[in-house]
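S.K.: Right, I'll just put the structure down here and ask away after.
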Amino acid sequence: MSAGKISGTVFSRQTSKIMTLLKRERMTAQKSFIFGYLKSVKTHPSAEVVYKEVKKKLPGISQGTVYRVLNNFKDKGQVLAIDTKDNVHFDADTSDHAHFICESCGNVFDVISECSECGILKNKKTKVGIINNYKINFYGICNKCRNR
């Protein structure tokens with residue numbers, strides 16, 4: 001499944017907004033590295049995966065620190081937390097987009113281009129009001145699991 005394209009302006013505004021929020025509190029090297037890692041991947045890693053990857057570069061970091069930092073980012077809206085059957089996955093892309101969650105392997109995929117043509121999402125209007133933002137999760141079996 002293709003991740004599609006994110007408008008450079010929207011993505012830049014979101015990143016700028018998040019960096020402003022991060023500057024308001026003490027930015028430790030650990031927080032900065034964790035956030036940088038999340039921005040660099042499109043795989044929606046779990047906290048355990050983030051911990052294992054970050055520990056490769058920051059061997060002294062504890063699992064508790066990684067979990068606290070991720071929860072802090074989530075609480076402040078700096079990352080999205082996506083609940084799946086067995087885990088919580090994190091996404092540093094806080095722009096409006098949908099996710100596909102595989103009910104077999106638990107992987108999370110961005111669904112951007114497929115949703116961009118939807119009239120409701122495109123116009124941001126419904127019969128009951130104007131849409132400011134949205135979170136949509138689709139559930140099914142990914143192509144990799146389907147072809148096993």
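Laboratory data are not the source of any read-out in this text; all were calculated from the coordinates shown. Note that the structure is a prediction, hence the values are computed from the model and not measured. No Cβ is skipped: glycine too gets one built from the backbone with ideal geometry, and neighbour counts run over all protein chains shown.
S.K.: Sort ILE34, ILE82, ILE112, ILE141 by Cβ crowding within 10 Å, fewest neighbours at the top. Display every interim value, and only then the final one.
M.R.: Details: ILE34 26, ILE82 17, ILE112 20, ILE141 14.
Lowest to highest Cβ neighbour count: ILE141, ILE82, ILE112, ILE34.
S.K.: List the aspartates and glutamates whose Cα sits under 20 Å from the Cα of LYS124, skipping any in the same chain fewer than 8 residues away.
M.R.: ASP93, ASP96, ASP110, GLU114
S.K.: Which shape class applies to region 60-103: rounded if a/c is under 1.5, otherwise prolate when a/b exceeds b/c and oblate if not, where a ≥ b ≥ c are the square roots of the Cα gyration tensor eigenvalues? It would help to have the intermediate numbers written out before the result.
M.R.: Working: a/c = 2.81, a/b = 1.43, b/c = 1.97.
Here region 60-103 falls in the oblate category.
S.K.: Could you tell me which of the pairs LYS52/LYS85; LYS31/LYS52; LYS55/LYS85; LYS74/LYS127; LYS57/LYS135; LYS74/LYS144 are separated by over 23 angstrom between their Cα atoms in the structure shown? Could the numbers behind the result be given before it?
M.R.: Working: LYS52/LYS85 21 Å; LYS31/LYS52 15 Å; LYS55/LYS85 26 Å; LYS74/LYS127 31 Å; LYS57/LYS135 32 Å; LYS74/LYS144 29 Å.
Check vs 23 Å cut-off fails for LYS55/LYS85; LYS74/LYS127; LYS57/LYS135; LYS74/LYS144.
S.K.: In addition: Taking θ = phi - 60°, what integer Hz values does the Karplus form 6.51 cos²θ - 1.76 cosθ + 1.60 yield along region 53-61, in sequence order, with x for Gly and Pro?
M.R.: 6, 5, 4, 4, 9, 10, x, x, 6
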